[in-house]
Amino acid sequence: YAAQAGLRIGEIPTKLYPDKRGRAPHLRSFRDGWRHLRFIVTYAPDYLYMAPGGLFWLIGLTGLIGLANGPAQFLDRVLGIHFLVLSSMLFLLGNSILTFGVLAKAYHNTHHPLPPSLFGSFLQQFTLEKGVLTGFALFLIGASTDAYILIEWIERNRGAMADTVHLAIVAGTATILGLHLVFSSFLLNMLKAGSPAHAHSTA
């Protein structure tokens, strides 16, 4: 945060001397090292959430797009329904992790306003209405696709629907994503409302 705020960072040399009281060291390598690492990681949402979440999200999205219409061939290998399920899982997992990252950064912003950045611009442009409408649109796309598959199943006398399995998984993913976005938008809006910048703008 000091670097983001443009503060000067320097190193002050110190000297360590052995404890002359003849007792065992009070520091514990694993315990104190873990406490230090835990503090660093907890307050580094870009590394803890955004980087792995973005990777999972991108891999999952690529799989969903490539396998939405059915099995596809990649490097002389056929990728079928199992890879589509895996892609859906990675996409939703990545989306959840990214959401945690966004909420963590928004929470941090309530105590320490962020300097001008891409996320700061996103936070300024975000509104509850935009989040809810986008999530509801994704939910409708997924739900209407599932309804279409249901109608097809009825018209086929409730027979086999193997040719629509891939589409159904993608539709289910969109439905879950939409609902996730709707509810997380409310929490993000609450955190944004508690930020100093928002309080100043509404004063």
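For this structure, a couple of remarks:
- Looking across the range 7-37 at every residue that is over 28 Å from the mean Cα position of the chain (by Cα) and within 30 Å of PRO113 (Cβ to Cβ), the one that is modelled with the lowest pLDDT is identified as LEU7.
- Pairs, first over 13 Å from LEU86 (Cα atoms) in the range 54-70, second exposed (fewer than 13 other Cβ atoms within 10 Å of the Cβ), C-beta under 9 Å, six or more apart: GLY70/ASP163
- Tabulated pairs, the range 174-191, first over 22 Å from SER144 (Cα atoms), second open to solvent by 30 Å² or more (accessible area, probe 1.4 Å) and of a type outside the set (Lys, Arg), C-beta under 6 angstrom, 6+ apart or interchain: SER185/LEU128; SER185/VAL132; ASN189/LEU128; LEU191/TYR107
- Each residue in the range 51-65 was checked for being in contact with a helix residue (DSSP H, G or I) (Cβ under 8 Å, 6 or more places away or on another chain) and within 17 Å of LEU167 (Cα to Cα), and 5 of them qualify.
- Scanning the range 153-173 for residues that are surrounded by 14 or more Cβ atoms within 10 Å (Cβ to Cβ) and free of Cβ contacts under 8 Å to residues at least 60 places away in the same chain turns up TRP153, MET161, THR164, ALA168, ALA171.
- Within the range 83-131, if we keep just the residues that are more than 14 Å from SER184 (Cα to Cα) and outside any helix (DSSP H, G or I), the residue that is most open to solvent (accessible area, probe 1.4 Å) turns out to be PRO116.
The values are calculated or read from the model by the stated rules, or taken from the named source; none is laboratory data. As the structure is a computational prediction, the values presented were derived from the model and not from experiment. Virtual Cβ from ideal backbone geometry, glycine too; neighbours counted across all protein chains shown. What goes into the accessible areas is simple: the full protein's heavy atoms, side chains included, and nothing from ligands, DNA or RNA. Shrake-Rupley method; radii C 1.70, N 1.55, O 1.52, S 1.80 Å.
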